[in-house]
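Structure first, commentary second.
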Amino acid sequence: MASIDPRVNRLPEIGKPGLIQPKAPLDQLGTFEVFVQPKEGKPFQHEGSVHAPDTEMAFVLAKETFTRRFTCSSLYVVDTRDVYVSPITEGDRNVYELIHDAAANDHEKYTFEIYHLNKRGKQHTHAGTVSASSHEGAMAKAKQQFNSDKIIYNIWSIRTDTIRFTAAEEMDLWLTLPEKKFRDAADYKGGEKLKEFLKKTNHA
Amino acid sequence: MNNLALKELLYKIADDQLILGHRNSEWTGFGPLLEEDIAFSSMAQDKIGQSQALYTLLHQLGEQQPDTLAFMRNANQFHNCILVELPNGEYDFSLIRHFLFDTAEAMRFELLSSSSYQPLAELARKVRSELRYHTLHANIWMKQLGSATEESIQRLQRSLEFALPYALGMFEKSPYESDLIAQGIFEGEEALAVRWKKKVEDILQQTSLHLPEWKILTPVLGGRVGDHSEHLQPLLDEMSEVFKIDPQAEW
């Protein structure tokens, strides 16, 4: 009988002879990484991930999951499997020390979005765009273009053509967001209301 | 400008938004996945916010305070269509209703954005961005589940067939239809219904769902004149329960 615990159902049967089969596909939705531009002119930053059946649905769900409170001017999502991650460092070790130098004959077939982790425990922020033919090449290019005295702890590279961007006509999606003060707990000023209530009841 | 005609128009739109906003908010905490729960709840909030803006316009035309209008009327004083008051049922019905209603709603506000009644035209232009998201959300779910598995297609198909006669009730005509059109306040329910049908056909064509012939459907009318199903009064009782404990309370 199937268990109600999906982990139990995923366990292989022990010692059973049979064919070699492909690995069972995911029984849950995959994840997509969400990047938000908090204000026009500011760099995009990584906010988290959503579960979704495809990129389009991920975009729709990401909008309310990550941009329902604070200002946002643009949003994009990408399949988690399309994000390539460099080694990670700590202390005063710059991750670019671990990245190979760019090969002279890189064909620059695609553009890649490069993200930096500037501080451990913080979000990755957009550093810029490079042209390369592979993620390795992209990080090497980033080393030429974006490496400075600043210590970077981790680099992400994403091929631009795998991203679901906010379309030009969708840029107004966040237009009424600043008016939705009711989503901001601090705006309710609960403390003041309580003080007023206590004052009233004490004098009654 | 005919105030009765204008008020009737504002009431029916506001009541639609409030009642469906409340219904959809009943999914909060019960949505099929976390991300969808948040999105659906946010859109419910948007609808209630839009109803508040419309009740505010009514208040400026001499009607009572927005909260009084929302919480102190009985079912027979509400002008919403019956579609929006029906219980949520399963998520397939809620999604179908969301799709059928929000498609019409987005087009209604689109038409109203050129209304001769300026405050309404301004509001319509303002909520356009919210409605863009609502229809984006509705359409993607239709396309996903409407062509996913046998079960999802069957469920949506059943809900679609159940909801369509009620959806046609959204376009129940006002007694002032010709006044509204003549004064350039609103192009009228018929013009809206024609556009809506075309859009619904267009989206459903991209799925495995089958749209019945429009002419075999009988619209469920009555909501616009206060003749509601048995589901509205219990909804209102629950929605206004806290407000009615102390209508003068400051929140």
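The values are calculated or read from the model by the stated rules, or taken from the named source; none is laboratory data. This is a predicted model, so every value here is computed, not measured. So basically every Cβ, Gly included, is an ideal-geometry build from the backbone, and we count neighbours across all protein chains shown.
How many residues are out of contact with any helix residue (DSSP H, G or I) (no Cβ under 8 Å at 6 or more places or on another chain) and farther than 16 Å from B:Phe162 by Cβ if we restrict to region B:214-248?
Initially, region B:214-248 is screened for residues out of contact with any helix residue (DSSP H, G or I) (no Cβ under 8 Å at 6 or more places or on another chain), giving B:215-216, B:225, B:230, B:234, B:237-238, B:241-242, B:245-246, B:248.
Filter once more, keeping what is farther than 16 Å from B:Phe162 by Cβ: B:215, B:225, B:230, B:234, B:237-238, B:241-242, B:245-246, B:248.
Total meeting the criteria: 11.
Can you tell me which of A:Thr176, A:Thr160 is surrounded by fewer than 19 Cβ atoms within 10 Å (Cβ to Cβ), closer than 30 Å to B:Trp251 by Cα and not hydrophobic (A, V, I, L, M, F, W, C)? It would help to see each step written out before you state the result.
Numbers: A:Thr160 fails: closer than 30 Å to B:Trp251 by Cα.
That would be A:Thr176, the only listed residue that is surrounded by fewer than 19 Cβ atoms within 10 Å (Cβ to Cβ), closer than 30 Å to B:Trp251 by Cα and not hydrophobic (A, V, I, L, M, F, W, C).
Could you go through region B:198-212 and let me know if any residue there is closer than 16 Å to B:Phe78 by Cβ, aliphatic (A, V, I, L, M) and either modelled with pLDDT of 95 or more or buried (at least 18 other Cβ atoms within 10 Å of the Cβ) (or both).
Of all residues in region B:198-212, those closer than 16 Å to B:Phe78 by Cβ come to none.
No, there is no match, as no residue in region B:198-212 is closer than 16 Å to B:Phe78 by Cβ, aliphatic (A, V, I, L, M) and either modelled with pLDDT of 95 or more or buried (at least 18 other Cβ atoms within 10 Å of the Cβ) (or both).
Being touching a Gly at 6+ places or on another chain (Cβ under 6 Å) and surrounded by 13 or more Cβ atoms within 10 Å (Cβ to Cβ), is that true of even one residue in region A:104-111? So that I can check it myself, show each step before the final result.
Here is the first cut: in region A:104-111, the ones touching a Gly at 6+ places or on another chain (Cβ under 6 Å) are A:106.
Keeping just the survivors that are surrounded by 13 or more Cβ atoms within 10 Å (Cβ to Cβ) gives A:106.
For region A:104-111, residues touching a Gly at 6+ places or on another chain (Cβ under 6 Å) and surrounded by 13 or more Cβ atoms within 10 Å (Cβ to Cβ): present.
From the list B:Ala167, B:Ala182, B:Ala193, pick out the single residue that is closer than 22 Å to B:Ala44 by Cα and either touching a residue at least 24 places away in the same chain (Cβ under 8 Å) or not hydroxyl-bearing (Ser, Thr, Tyr) (or both).
On the way: B:Ala182 fails: closer than 22 Å to B:Ala44 by Cα; B:Ala193 fails: closer than 22 Å to B:Ala44 by Cα.
Within the list B:Ala167, B:Ala182, B:Ala193, the selection yields B:Ala167.
So that you can scan it fast, the table gives a plain yes or no per residue for (1) within 14 Å of chain A (Cβ to nearest Cβ); (2) surrounded by 15 or more Cβ atoms within 10 Å (Cβ to Cβ); (3) under 25 Å from B:Ser129 (Cα atoms); (4) out of contact with any helix residue (DSSP H, G or I) (no Cβ under 7 Å at 6 or more places or on another chain):
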| residue | (1), (2), (3), (4) |
| --- | --- |
| B:Asn24 | yes, yes, yes, no |
| B:Thr28 | yes, no, yes, no |
| B:Leu33 | yes, no, yes, yes |
| B:Asp37 | yes, yes, yes, yes |
| B:Ser41 | yes, yes, yes, no |
| B:Gln50 | yes, yes, yes, no |
| B:Leu69 | no, yes, no, no |
| B:Asn76 | no, no, no, yes |
| B:Gly89 | no, no, no, yes |
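In region A:97-113, what residues are closer than 22 Å to A:Tyr153 by Cβ and either at pLDDT 95 or above or of a type in the set (Gly, Ala, Ser) (or both)?
Going residue by residue through region A:97-113, those that are closer than 22 Å to A:Tyr153 by Cβ are A:97-102, A:112-113.
Hits for region A:97-113 are A:Ala102, A:Phe112, A:Glu113.
Take the residues in region A:53-75 that are hydroxyl-bearing (Ser, Thr, Tyr) and either surrounded by 21 or more Cβ atoms within 10 Å (Cβ to Cβ) or under 17 Å from A:Arg183 (Cβ atoms) (or both); name whichever of them is modelled with the lowest pLDDT. Let's see the steps before the verdict.
Within region A:53-75, the subset hydroxyl-bearing (Ser, Thr, Tyr) is A:55, A:65, A:67, A:71, A:73-74.
Now narrow it down to the ones that are either surrounded by 21 or more Cβ atoms within 10 Å (Cβ to Cβ) or under 17 Å from A:Arg183 (Cβ atoms) (or both): A:65, A:67, A:71.
Numbers: A:Thr65: 95, A:Thr67: 94, A:Thr71: 86.
Here the answer is A:Thr71.
Give B:Leu54, B:Leu4 a once-over and let me know the one that is part of a helix (DSSP H, G or I) and either buried (at least 19 other Cβ atoms within 10 Å of the Cβ) or within 14 Å of chain A (Cβ to nearest Cβ) (or both).
Working: B:Leu4 fails: either buried (at least 19 other Cβ atoms within 10 Å of the Cβ) or within 14 Å of chain A (Cβ to nearest Cβ) (or both).
Every option except B:Leu54 fails the conditions.
Let's see how each residue does on (1) more than 9 Å from chain B (Cβ to nearest Cβ); (2) in contact with a helix residue (DSSP H, G or I) (Cβ under 9 Å, 6 or more places away or on another chain):
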residue	(1), (2)
A:Lys143	yes, yes
A:Asn147	yes, yes
A:Lys150	yes, no
A:Ile155	yes, yes
A:Arg159	yes, yes
A:Thr162	yes, yes
A:Leu173	no, yes
A:Thr176	no, yes
A:Glu179	no, yes
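Filter region B:127-154 down to the residues that are within 10 Å of chain A (Cβ to nearest Cβ) and either in contact (Cβ under 8 Å) with a residue 24 or more places away in the chain or among the aromatic types (Phe, Trp, Tyr) (or both) and list them by number. Step through it out loud before you land on a result.
So the first thing to find is which residues in region B:127-154 are within 10 Å of chain A (Cβ to nearest Cβ), and the list is B:127-130, B:132-133, B:136-141, B:143-145, B:148.
If the condition is that a residue be within 10 Å of chain A (Cβ to nearest Cβ) and either in contact (Cβ under 8 Å) with a residue 24 or more places away in the chain or among the aromatic types (Phe, Trp, Tyr) (or both), then B:Val127, B:Glu130, B:Arg132, B:Tyr133, B:His137, B:Ala138, B:Asn139, B:Trp141, B:Lys143, B:Leu145 are the ones that fit.
Of B:Phe93, B:Phe109, B:Phe99, which residue is assigned to a helix (DSSP H, G or I) and closer than 30 Å to B:Ala182 by Cβ?
On the way: B:Phe93 fails: closer than 30 Å to B:Ala182 by Cβ; B:Phe99 fails: closer than 30 Å to B:Ala182 by Cβ.
Within the list B:Phe93, B:Phe109, B:Phe99, the selection yields B:Phe109.
From the list A:Glu108, A:Glu90, which residue is in contact with a strand residue (DSSP E or B) (Cβ under 6 Å, 6 or more places away or on another chain), farther than 22 Å from A:Lys42 by Cα and not in a helix (DSSP H, G or I)?
A:Glu108 is the lone residue from the list that is in contact with a strand residue (DSSP E or B) (Cβ under 6 Å, 6 or more places away or on another chain), farther than 22 Å from A:Lys42 by Cα and not in a helix (DSSP H, G or I).
Of the numbered conditions (1) surrounded by fewer than 20 Cβ atoms within 10 Å (Cβ to Cβ); (2) in contact with a helix residue (DSSP H, G or I) (Cβ under 8 Å, 6 or more places away or on another chain), A:Lys23 fails exactly one; give the number of that condition.
(2)
May I ask you to say which residue of B:Leu100, B:Leu120, B:Leu83, B:Leu61 is more than 18 Å from the chain's Cα centre (by Cα) and either at pLDDT below 95 or among the hydrophobic types (A, V, I, L, M, F, W, C) (or both)?
On the way: B:Leu100 fails: more than 18 Å from the chain's Cα centre (by Cα); B:Leu120 fails: more than 18 Å from the chain's Cα centre (by Cα); B:Leu83 fails: more than 18 Å from the chain's Cα centre (by Cα).
Checking each option against the conditions leaves just B:Leu61.
What's the total number of residues in region A:148-168 that are within 23 Å of the chain's Cα centre (by Cα) and either acidic (Asp, Glu) or over 30 Å from A:Ser131 (Cβ atoms) (or both)?
Kept after step one, since they are within 23 Å of the chain's Cα centre (by Cα), are these residues of region A:148-168: A:150-168.
Subsequent filtering for residues that are either acidic (Asp, Glu) or over 30 Å from A:Ser131 (Cβ atoms) (or both) retains A:161.
Matching residues across region A:148-168 total 1.
Name the single residue, out of those in region A:29-45 being more than 22 Å from A:Leu175 (Cβ to Cβ) and in contact with a Leu (Cβ under 9 Å, 6 or more places away or on another chain), that is farthest from the other protein chains (Cβ to nearest Cβ).
Top of the filtered list is A:Phe32.
Restricting the search to region A:46-94, which residues are more than 13 Å from chain B (Cβ to nearest Cβ), of a type outside the set (Phe, Trp, Tyr) and within 19 Å of B:Ser42 (Cα to Cα)?
Result: A:Thr71, A:Ser74.
So is B:Val200 within 29 Å of B:Asn3 (Cα to Cα), among the hydrophobic types (A, V, I, L, M, F, W, C) and under 16 Å from the mean Cα position of the chain (by Cα) or not?
It is false that B:Val200 is within 29 Å of B:Asn3 (Cα to Cα), among the hydrophobic types (A, V, I, L, M, F, W, C) and under 16 Å from the mean Cα position of the chain (by Cα).
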